[in-house]
Amino acid sequence: MNVLAQVSEATGVPADLLGGYPAVLEAASATGRLPARDAIEELRARGASAAERGVPMRALVDACLLTAELTLRSADAATLGALRRAVAAYAEGYEGAQHRALREEETARRSFIDDLLQGRADRLAERAEHFGLRLAEPYVVAVARDAKPVADGDPLIRHVEQALVTRFGSHNILVAARDGLLVCVVPGALTAATGEFTHHVRSALASDWRVGVGRPHRGPGGVVTSYREAADAIRLGDRLGLRPQVLRAADLLVFPVLLRDREAIEDLVTTVLDPLARARGGPEPLLETLEAVFAAQGNQTAAARRLGISPRAVTYRLERVRRLTGFSPDDPTQRFTLETAVMGARLIGWPPEPTTS
């Protein structure tokens with residue numbers, strides 16, 4: 001049995017990965033010269049091949065040392081130098097292959113995330129399995145927004161993903177950056193996952209963070225639908241001035257319905273709220289009072305605390321609304337009309353900002 005066969009049997013390293021290496025050692029021992037550049041390049045290539053074939057680095061180094069032991073009768077300074085350079089070349093090739101594999105994996109991950117969240121279906125289900133997602137199941141998407149946009153490579157991405165995987169013991173989870181948002185894709189069955197995501201967002205981001213949570217949907221198209229719902233929930237929260245930092249699309253379904261018929265909502269706002277524009281001080285204080293009263297389920301004392309004014313001031317403002325519009329928040333039917341009109345006003349940006357000439 002030749003040397004390479006012995007080494008392969010002893011270490012499990014394929015013999016072809018060591019081809020040329022014994023000759024490098026023998027030449028160094030005979031001539032006292034270090035390996036030439038082409039010999040070193042050949043060893044780097046074999047080190048890269050070892051990494052690509054999944055041979056452990058420790059086994060490869062062991063095979064190099066064992067080959068030297070079996071090949072050389074005596075070791076001098078030149079031989080040891082050749083051994084050192086040869087092992088370094090193997091290591092460089094091996095590590096280079098690993099770095100390339102990591103870069104290629106990260107590129108593939110970014111490409112997959114882009115396609116997943118834009119609904120491009122090129123082999124999407126097949127590619128999803130590589131990243132641990134089974135798109136036949138329902139998935140929920142949560143997104144977090146901070147004052148500073150989240151970008152690829154942000155340490156927060158890996159931190160949150162690892163925390164979720166550790167908590168739920170599943171790699172069926174994906175965390176990434178998209179459009180400046182921190183995006184989390186989780187199975188619909190992991191009902192606590194979005195809460196855990198929010199917990200890590202709260203501890204890592206500034207005080208003005210906000211989280212939107214989509215509804216569970218099935219299939220590749222379901223992920224992009226849930227993502228859009230989550231992002232839209234944040235946008236609606238901003239437009240409506242909603243106080244909660246966590247907004248669920250399922251709780252905001254009325255607003256997309258209103259927006260589908262903009263002409264109707266504009267007519268409602270104009271009919272009901274236009275008289276408020278004639279109020280001294282403008283309509284904004286009256287709109288804010290109505291919002292506070294509706295948020296407090298009609299409790300004027302709670303609304304006053306929210307606004308930082310006296311309950312008497314709230315009563316006075318509501319009376320002004322009734323006199324100007326003819327609608328009273330105390331009447332159930334009229335309350336619904338008023339509340340819908342106020343929500344519509346926030347959605348369409350009424351009253352418009354005054355223009356300056």
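The values are calculated or read from the model by the stated rules, or taken from the named source; none is laboratory data. Source: prediction; values computed, not measured. Glycine also receives a Cβ, built like all others from the backbone with ideal geometry; neighbour counts cover every protein chain displayed. Side chains included, ligands, DNA and RNA excluded: accessible areas come from the protein's heavy atoms. Shrake-Rupley method; radii C 1.70, N 1.55, O 1.52, S 1.80 Å.
As an exercise: evaluate VAL186 against (1) under 30 Å from GLU319 (Cβ atoms); (2) of a type in the set (A, V, I, L, M, F, W, C); (3) surrounded by 21 or more Cβ atoms within 10 Å (Cβ to Cβ); (4) modelled with pLDDT under 90 and give the number of the one condition it does not meet.
Condition not satisfied by VAL186: (1).
With respect to ALA279, is the statement that it is open to solvent by less than 70 Å² (accessible area, probe 1.4 Å), within 37 Å of the chain's Cα centre (by Cα) and small (Gly, Ala, Ser) true? Walk me through how you get there before you give the answer.
Details: open to solvent by less than 70 Å² (accessible area, probe 1.4 Å): yes; within 37 Å of the chain's Cα centre (by Cα): no; small (Gly, Ala, Ser): yes.
Spelling it out, it is not the case that ALA279 is open to solvent by less than 70 Å² (accessible area, probe 1.4 Å), within 37 Å of the chain's Cα centre (by Cα) and small (Gly, Ala, Ser).
Look through the range 25-74, keep the residues that are polar (S, T, N, Q) and under 51 Å from the mean Cα position of the chain (by Cα), and return whichever of them is surrounded by the most Cβ atoms within 10 Å (Cβ to Cβ). Lay out the reasoning, then the answer.
Taking the range 25-74 first, the residues polar (S, T, N, Q) are 29, 31, 49, 67, 71, 74.
Subset that is under 51 Å from the mean Cα position of the chain (by Cα): 49, 67.
On the way: SER49: 16, THR67: 26.
Among them, the one singled out is THR67.
Does the range 247-258 contain at least one residue that is over 20 Å from GLY344 (Cβ atoms) and of a type outside the set (Val, Ile, Thr)?
yes
Residues are listed down the side, and each one gets a yes or a no for (1) over 26 Å from PRO256 (Cα atoms); (2) open to solvent by 50 Å² or more (accessible area, probe 1.4 Å); (3) free of Cβ contacts under 8 Å to residues at least 12 places away in the same chain:
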position	(1), (2), (3)
LEU273	no, no, no
ALA302	yes, no, yes
GLU319	yes, yes, yes
ARG323	yes, yes, yes
LEU347	no, no, no
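Among the helices (runs of 4 or more DSSP H) lying completely within the range 1-59, list those that include at least 1 residues that are under 18 Å from ARG100 (Cα atoms). Before you say what the answer is, go through the steps one by one.
Working: elements: 3-11, 21-31, 37-52.
The qualifying helices (runs of 4 or more DSSP H) are 37-52.
Consider the range 79-132. How many of its residues are within 30 Å of ALA39 (Cβ to Cβ) and either surrounded by fewer than 17 Cβ atoms within 10 Å (Cβ to Cβ) or at pLDDT 75 or above (or both)? Even if it seems obvious, please write down each step before you answer.
Looking only at the range 79-132, we keep the residues that are within 30 Å of ALA39 (Cβ to Cβ), and these are 79-104.
Keeping just the survivors that are either surrounded by fewer than 17 Cβ atoms within 10 Å (Cβ to Cβ) or at pLDDT 75 or above (or both) gives 80-104.
Going through the range 79-132 one residue at a time, the tally reaches 25.
For the range 322-356, what are the residues that are over 25 Å from GLY237 (Cα atoms) and either charged (D, E, K, R) or part of a helix (DSSP H, G or I) (or both)?
ARG322, ARG323, LEU324, THR325, ASP330, ASP331, PRO332, THR333, listed by residue number.
Which ones in the range 1-24 are under 45 Å from the mean Cα position of the chain (by Cα) and among the hydrophobic types (A, V, I, L, M, F, W, C)? Give the derivation first.
Narrowing the range 1-24 to residues under 45 Å from the mean Cα position of the chain (by Cα): 8, 11-18.
If the condition is that a residue be under 45 Å from the mean Cα position of the chain (by Cα) and among the hydrophobic types (A, V, I, L, M, F, W, C), then VAL13, ALA15, LEU17, LEU18 are the ones that fit.
Looking only at the range 142-174, count how many residues are at pLDDT 85 or above and either open to solvent by 60 Å² or more (accessible area, probe 1.4 Å) or of a type in the set (Ser, Thr, Tyr) (or both).
Qualifying residue count, the range 142-174: 9.
Within the range 227-242, does at least one residue satisfy the condition of being over 25 Å from ALA295 (Cβ atoms), open to solvent by less than 80 Å² (accessible area, probe 1.4 Å) and touching a residue at least 24 places away in the same chain (Cβ under 8 Å)? Can you show your working first?
Within the range 227-242, the subset over 25 Å from ALA295 (Cβ atoms) is 227-228.
If we keep only those that are open to solvent by less than 80 Å² (accessible area, probe 1.4 Å) too, we end up with 227.
Now narrow it down to the ones that are touching a residue at least 24 places away in the same chain (Cβ under 8 Å): 227.
Within the range 227-242 (the criterion being over 25 Å from ALA295 (Cβ atoms), open to solvent by less than 80 Å² (accessible area, probe 1.4 Å) and touching a residue at least 24 places away in the same chain (Cβ under 8 Å)), the answer is yes, since at least one residue qualifies.
Look through the range 67-78, keep the residues that are at pLDDT below 80 and of a type in the set (S, T, N, Q), and return whichever of them is farthest from ARG44 (Cα to Cα).
Only one residue tops the list, namely SER74.
If GLU353 satisfies every condition in (1) surrounded by fewer than 16 Cβ atoms within 10 Å (Cβ to Cβ); (2) at pLDDT 85 or above; (3) of a type outside the set (Lys, Arg) but one, which is the exception?
The single condition GLU353 does not satisfy is (2).
Could you check the range 170-199 and list, in sequence order, the residues that are of a type in the set (Gly, Ala, Ser) and within 13 Å of the chain's Cα centre (by Cα)? Break it down into steps so the answer makes sense when it comes.
Let us first name the residues in the range 170-199 that are of a type in the set (Gly, Ala, Ser), namely 170, 176-177, 180, 188-189, 192-193, 195.
Matches in the range 170-199: ALA176, ALA177, GLY180.
Within the range 213-238, track down each residue that is over 29 Å from GLU129 (Cβ atoms) and out of contact with any helix residue (DSSP H, G or I) (no Cβ under 6 Å at 6 or more places or on another chain).
ILE234, ARG235, GLY237, ASP238
Restricting attention to the range 209-244, which residues are more than 18 Å from the chain's Cα centre (by Cα) and within 14 Å of ARG145 (Cα to Cα)? Please lay out each step first, then the result.
Initially, the range 209-244 is screened for residues more than 18 Å from the chain's Cα centre (by Cα), giving 218-219, 236-244.
Correct list: LEU236, GLY237, ASP238, PRO244.
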